Every structure is written in structure tokens, then in C-alpha cells.
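Working notes, structure below.
The values are calculated or read from the model by the stated rules, or taken from the named source; none is laboratory data. Just so you know, these numbers come straight off a predicted model, no measurement behind them. Ideal geometry is used to build each Cβ from the backbone, glycine not excepted, and the neighbour counts take in all protein chains shown.
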Amino acid sequence: MAKIIGGLTTSHIPAVGNAMAGKLEQDPYWKRFFDGYEPVKQWLDEVKPDLAIIVYNDHGLNFFLDKVPTFALGCADRYQNADEGWGIPASADVPGDAQFSWHLAESLIRQEFDMTTCQEMLVDHGFMVPMNLFWRQYEQWPVKAIPLAVNTVQHPLTSAARCYKLGKALRKAVESYPEDMKVVVIGTGGLSHQLQGERAGIIDVDFDLKCIDKIINEPEWMTGLSNDYIMEKAGTEGIEVIMWMVMRGALADKVDVLHKHYHAPISNTGAGVLLLTDAAAQ
Ligand code: DHB
Ligand code: FE
């Protein structure tokens, strides 16, 4: 049986892609941010997951505004990164697992999450920056990955509550896969940021820290928040935090915190990292 062995979160800021390409990890601006990933990288190196389900939003590389699915699942054996205009060098293709993806699609759709299935998918910084943050030290990608895209760009958007339920359905889907596989679920994006308009540049550290705490200890609190409220507090792009709720829903009601890190600002964003597992004592 496949098993979810952990839930990770990370921001997916494109400037981080540039910093990794330029090997700026020890630079004073970046050091504390990158140091926040070392414990997670160590853990991943120890547990060696077979597969990562990466919950991210496409920012216009694969889906443009004319066609945006609310939820889309990659169902391919490889995913290609491409130039999306941020100056980040394109990364090597990431291996997928089409057979596992189709199993997830069937199970999720049976559980009333009607995923768009994508047999070809270009993956942008929302997916590649997390892949690089966790695994760039390997010569070849050491995990397979499955992109799960959530629309956080073109309104109307889904909600934190719905993302949490999707995570719970995702857990059932993973656990009904007959092959033994170690799976991690990665929620990407957030925390607070707004990239355009009069409030461009806002970051709300208190709200970010509260979200981190609530996602760990009381995810139901997040499910009660409206998108308008989240965007008022965290900025229009801060709504990406709802994708962390897919990760949280995929874990047990109680979790152990193996690692927690926050740093603001990085580029325009409050950047958070989490490593959670099902609590040893439930
Ligand atoms: C930034 C953050 C994002 O999540 C994104 O998609 C683009 C830019 C930023 O902080 O610069
Ligand atoms: Fe983003």
C-alpha cells in the first residue's frame, strides 16, 4: 500500500530560483532563508520518498487565462519546465508516474473531486522552485513527482475549506494504491504577498505566523476563512496559502512538527517552511 510519510510546505518565489542558479545561498540576504531548508533536506535524504505530490498553482505557463481548471492533475511520465520569463534557467524534466496519477484521478473523481487530467503539462516556478529547494543537490531527481494544480489566479477561486477536503480525499486515494510507495505531499505558495495594485508589497507577518500555527494545530480555523478575508490580510497572491491546506488535509488530525521556519521578506513574500508527519501518538 502507498503511504503518506510526511507533509511539506514551502513558498515558491521565482527570485529563489534565480538565487539557486546563481549559488547565492550564503549571501547575507539569502542565508537565513536557505538555512531554513536544511533540516527538511536531511529528513528527505533519510526517508527517501518515492514520490512527491506537489500542490501548486500554474502562473500562466501551462494554463493561460482563457482556460483555467480549478483542479488539475498531471497524468504523464515526465514534466517539462520551460522559460516563463523570470530569468530562471529551465530545470531538467521531472519524472512522473502516469499509472499512479490515473489511480489518483479515478479515486478523486469517485470522491467528487472532478480533476482535469493532463497528459502533457509544462510546470512553472510554482512546481520547480520547490523541487529545486528540496532536491537540487542530487545529480538526477531522486523522486518522481505528480503536479496537482489549484487555480489561485483567475477568479472565482476555490476555498481553504475545499482544499482541506481535497487533501483528505487525496489521502484515501494514495492509501488505496496497492504498490508499496512512500509519498510526500508538498503544499506550495504563500505566505502573504501582493504583486500588483495599490497594496503591492504588503506582507503581514502576524497573519502568516497565525496561519502557520493554525494549519498545524487547528486547520478547521482556516476552513472558516473566506477568500476575501485571506486576501485582505495576506494580499491577493497570499491566497496561495489555501494550497497548504491540501497538504494538511492529507495528514492525520494530529501532527508532529519536525521543522518550522519563517522568513520575511524574500522578494515580495513572507516565506514559510513546514515539515509535518502524522502524530506518533494519535
Ligand atoms: C513572487 C511570489 C510568488 O508566489 C510568485 O508566484 C511570483 C513572485 C515574489 O515574491 O516575487
Ligand atoms: Fe506564486
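To keep it simple, each residue is scored yes or no on (1) within 16 Å of ligand 2 (Cβ to nearest atom); (2) in contact (Cβ under 8 Å) with a residue 24 or more places away in the chain; (3) assigned to a helix (DSSP H, G or I).
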{"site": "GLY60", "(1), (2), (3)": "yes, yes, no"}
{"site": "SER101", "(1), (2), (3)": "no, yes, yes"}
{"site": "LEU108", "(1), (2), (3)": "no, yes, yes"}
{"site": "PHE113", "(1), (2), (3)": "no, yes, no"}
Self-check item: Top-ranked residue in region 231-256 [being over 17 Å from the mean Cα position of the chain (by Cα) and away from ligand 2 (no atom under 14 Å from the Cβ); ranked as farthest from ILE186 (Cα to Cα)]
Solution: GLU232
Practice problem: Within region 146-165, track down each residue that is more than 16 Å from ligand 2 (Cβ to nearest atom) and surrounded by 24 or more Cβ atoms within 10 Å (Cβ to Cβ). | Solution: ILE146, ALA160
Quiz item: When region 156-168 is examined, which residues are found to be in a helix (DSSP H, G or I), over 14 Å from the mean Cα position of the chain (by Cα) and not basic (Lys, Arg)?
Solution: ALA161
Exercise. For region 213-248, enumerate the residues that are out of contact with any strand residue (DSSP E or B) (no Cβ under 6 Å at 6 or more places or on another chain), of a type in the set (A, V, I, L, M) and surrounded by 24 or more Cβ atoms within 10 Å (Cβ to Cβ).
Key: ILE215, ILE230, ALA234, ILE239, VAL241, ILE242, MET245
Quiz item: Can you pull out the helices (runs of 4 or more DSSP H) entirely within region 1-56 that have at least 1 residues that are over 23 Å from VAL150 (Cβ atoms) and more than 16 Å from ligand 1 (Cβ to nearest atom)?
Solution: 31-35, 38-47
Quiz prompt | Unmet requirement for THR70, which otherwise passes all of (1) in contact (Cβ under 8 Å) with a residue 60 or more places away in the chain; (2) within 16 Å of ligand 1 (Cβ to nearest atom); (3) polar (S, T, N, Q) | solution = (2)
Quiz item: If you check every pair at least six apart or on different chains, which have Cβ atoms under 7 Å apart with a residue in region 181-192 that is within 18 Å of TRP43 (Cα to Cα) and modelled with pLDDT of 95 or more first and a residue that is within 11 Å of ligand 2 (Cβ to nearest atom) and polar (S, T, N, Q) second?
Solution: none
Quiz item: Residues in region 185-230 that are within 16 Å of ligand 2 (Cβ to nearest atom) and of a type in the set (A, V, I, L, M): how many?
Solution: 7
Quiz item: Is it the case that ILE216 is touching a Ser or Thr at 6+ places or on another chain (Cβ under 9 Å) and of a type in the set (A, V, I, L, M)?
Solution: no
Quiz item: Looking at region 170-200, which of its residues are buried (at least 19 other Cβ atoms within 10 Å of the Cβ) and within 16 Å of ligand 1 (Cβ to nearest atom)?
Solution: ILE186, GLY187, THR188, GLY189, GLY190, LEU191, SER192, HIS193, GLN194
Quiz prompt | Residue check, ILE203 more than 18 Å from the chain's Cα centre (by Cα) and surrounded by fewer than 24 Cβ atoms within 10 Å (Cβ to Cβ) | solution = yes
Quiz item: Restricting attention to region 259-274, does a residue exist that is more than 16 Å from ligand 2 (Cβ to nearest atom), under 15 Å from the mean Cα position of the chain (by Cα), small (Gly, Ala, Ser) and at pLDDT 95 or above?
Solution: no
Self-check item: Condition broken by LEU65, with the remaining ones in (1) more than 16 Å from ligand 1 (Cβ to nearest atom); (2) surrounded by fewer than 18 Cβ atoms within 10 Å (Cβ to Cβ) satisfied
Solution: (1)
Quiz prompt | Set THR236, THR269, THR277: member being farther than 17 Å from VAL153 by Cα and polar (S, T, N, Q) | solution = THR277
Quiz item: Considering only region 72-94, how many residues are out of contact with any Phe, Trp or Tyr (no Cβ under 6 Å at 6 or more places or on another chain) and outside any loop (DSSP other than H, G, I, E, B)?
Solution: 7
